[in-house]
Amino acid sequence: MNTSCDTAAAILPLVGGPANITSVAHCMTRLRLGLVDRSTVDGEALRALPGVLGVVEDDTYQIVLGPGAVARVTADFEALLRKETHKARNATPVKLALRRVANVFVPLIPALIGCGVLAGLNGLLLNLGWLPSLTPALAAIATAFMALIAVFVGHNTAKEFGGTPVLGGAVAAVVVYPGVAKVTAFGVTLAPGQGGVLGALAAALLGTYVEKWCRRRIPGALDVLLTPTLTVLVSGLATLYVLMYAAGAVSSAIGTAANWLLTTTGAFAGAVLGGLFLPLVMLGLHQALIPIHTTLIEQQGHTVLLPLLAMAGAGQVGACLAVYVRLRHDEALRTTIRSALPAGLLGVGEPLIYGVSLPLGRPFLTACAGGAAGGAFVGLFAMLGDQVGSTAIGPSGWALFPLLAGHGGLGTAMAVYAGGLFTGYGVGFVTTYFFGLRRPPTTTASEAA
């Protein structure tokens, strides 16, 4: 018998392979594909496949598979597509897992940035006493997304892990529904939002597993009715009586740990975080921090980690400026630095990492030293009570200023953050200038490496 996995494997090469696919979705009966080039599709061969009932060319390329079957084939098709893509990227299992978690949260960053900027503007207006009739509206706009972020996390989780996105959102919505205040788990009355984005992520993952289990066992005629019902019921009950409580404990522990680190070991913690962030970015492991940032923003209104991590970019900028000054005769490298420096100042460090500091070797290490110094500066002030946070994730460098918040007010937060940046620039520059290059100033980049 032809299985859904066999059908998915047969369809993929006939639609042009992974590189030709831009989107995957399904309705009640059809697998809908966004394609780069439809001329590469073998329509006749697709129609001849067992299980394929027909092909429709519309705004998306639609392969008719029938109710029940379409959900199973789509899940297997997406899994196969991810597997082929990951092979092409030659990624490790850890990187793949982190990338998939990042794929859940990265699409949320534009909304986090927009709402974070509005929250900062609203706070400024409130502090100044300006436009009192407008601030309630701004507050509503700025906080509405965060109030429902669990739903978006659930939707994206199911989409990324091969489930039906709206079912993931439905299960995760349980986390923020006000009616959970009437439910008691482990002798404790639940609170709306308990567990936050971590609870939503876990709920949607469970929902995806339950959905896939049902798709494999329920006959196609009953799949449309029973699978969504069982997915929402089983996952919803587990979310209420297990996941919200457990994820709430983890979320609280994250917030407590972050505050403890900064108030008791701020300078040391800042140096470690600022010094190690560039290697994390290089290895792709920084993606593991995205859920932690989101949890802190949801809990406390800002993440205290991002300003510390942003110091790594400052160290990188300082190191590359030193390279620019030292290697006067390497015009190709200086051109690269000139083109990548504006992005580096705004917190986009990859062009400088892969184009300058990492190929040269030592400047990458001295850039980390600059990041550690900047992180220690910001962490020291956190120990003194002037903790600095960011109301959103995404930008860093100078682009982070509109998103800053802190216990001492916006002015103090900006001053501490700016002090950290200039410390990072300075230490990154000095250590690179004197220790980051092996040969005298007249050497070229290839010789300096």
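Can you find even one residue in the stretch 74-89 that is of a type in the set (Val, Ile, Thr) and modelled with pLDDT of 85 or more?
Scanning the stretch 74-89, I find at least one residue that is of a type in the set (Val, Ile, Thr) and modelled with pLDDT of 85 or more, so the answer is yes.
Only one of (1) crowded, with 24+ Cβ neighbours inside 10 Å; (2) at pLDDT below 95 fails for residue 231. Which number is that?
Exception for residue 231: condition (2).
Among the residues that make up the stretch 145-159, is at least one of them of a type in the set (Ser, Thr, Tyr) and within 30 Å of residue 77 (Cα to Cα)?
yes
Looking for whichever is over 27 Å from residue 290 (Cα atoms), open to solvent by 30 Å² or more (accessible area, probe 1.4 Å) and part of a helix (DSSP H, G or I) here; the options are 72, 82. Which one fits?
72 is the lone residue from the list that is over 27 Å from residue 290 (Cα atoms), open to solvent by 30 Å² or more (accessible area, probe 1.4 Å) and part of a helix (DSSP H, G or I).
So, in the stretch 118-136, of the ones that are touching a residue at least 24 places away in the same chain (Cβ under 8 Å) and touching a Ser or Thr at 6+ places or on another chain (Cβ under 8 Å), which residue ends up most open to solvent (accessible area, probe 1.4 Å)?
Result: 119.
Identify, from the list 102, 139, the residue that is in contact with a helix residue (DSSP H, G or I) (Cβ under 7 Å, 6 or more places away or on another chain), more than 30 Å from residue 222 (Cβ to Cβ) and touching a residue at least 40 places away in the same chain (Cβ under 8 Å).
Of 102, 139, the one residue that is in contact with a helix residue (DSSP H, G or I) (Cβ under 7 Å, 6 or more places away or on another chain), more than 30 Å from residue 222 (Cβ to Cβ) and touching a residue at least 40 places away in the same chain (Cβ under 8 Å) is 102.
Which of the following residues is part of a helix (DSSP H, G or I) and surrounded by fewer than 20 Cβ atoms within 10 Å (Cβ to Cβ): 363, 342?
Every option except 342 fails the conditions.
Residues 362, 338: which one is free of Cβ contacts under 8 Å to residues at least 40 places away in the same chain and over 20 Å from residue 296 (Cβ atoms)?
Testing whether each residue is free of Cβ contacts under 8 Å to residues at least 40 places away in the same chain and over 20 Å from residue 296 (Cβ atoms) leaves just 338.
Do we have any residue at all in the stretch 316-325 that's at pLDDT 90 or above and under 23 Å from the mean Cα position of the chain (by Cα)?
yes
If a residue has to be of a type outside the set (Val, Ile, Thr) and assigned to a loop (DSSP other than H, G, I, E, B) to count, how many in the stretch 389-437 make the cut?
9
Restricting attention to the stretch 201-214, which residues are closer than 10 Å to residue 162 by Cβ and surrounded by fewer than 24 Cβ atoms within 10 Å (Cβ to Cβ)?
209, 212
With 43, 66, 51 as the choices, which residue is within 19 Å of residue 211 (Cα to Cα) and open to solvent by less than 70 Å² (accessible area, probe 1.4 Å)?
66
Tell me the residue from 395, 351 that is out of contact with any His (no Cβ under 9 Å at 6 or more places or on another chain), closer than 22 Å to residue 270 by Cα and either among the hydroxyl-bearing types (Ser, Thr, Tyr) or surrounded by fewer than 24 Cβ atoms within 10 Å (Cβ to Cβ) (or both), please.
The unique qualifying residue is 395.
Any residue at all in the stretch 277-286 that is buried (at least 24 other Cβ atoms within 10 Å of the Cβ) and either part of a helix (DSSP H, G or I) or not basic (Lys, Arg) (or both)?
Yes, the stretch 277-286 contains at least one residue that is buried (at least 24 other Cβ atoms within 10 Å of the Cβ) and either part of a helix (DSSP H, G or I) or not basic (Lys, Arg) (or both).
Suppose we filter 236, 248, 255 for residues that are modelled with pLDDT of 95 or more and either open to solvent by less than 40 Å² (accessible area, probe 1.4 Å) or closer than 20 Å to residue 391 by Cβ (or both); which single one remains?
None of the other options fit; the residue is 236.
The values are calculated or read from the model by the stated rules, or taken from the named source; none is laboratory data. Since the model is a prediction, treat every value here as computed from it, not as a measurement. Virtual Cβ from ideal backbone geometry, glycine too; neighbours counted across all protein chains shown. Just so you know, the surface numbers come from the protein's heavy atoms only, side chains and all, with ligands and any DNA or RNA stripped out. Shrake-Rupley method; radii C 1.70, N 1.55, O 1.52, S 1.80 Å.
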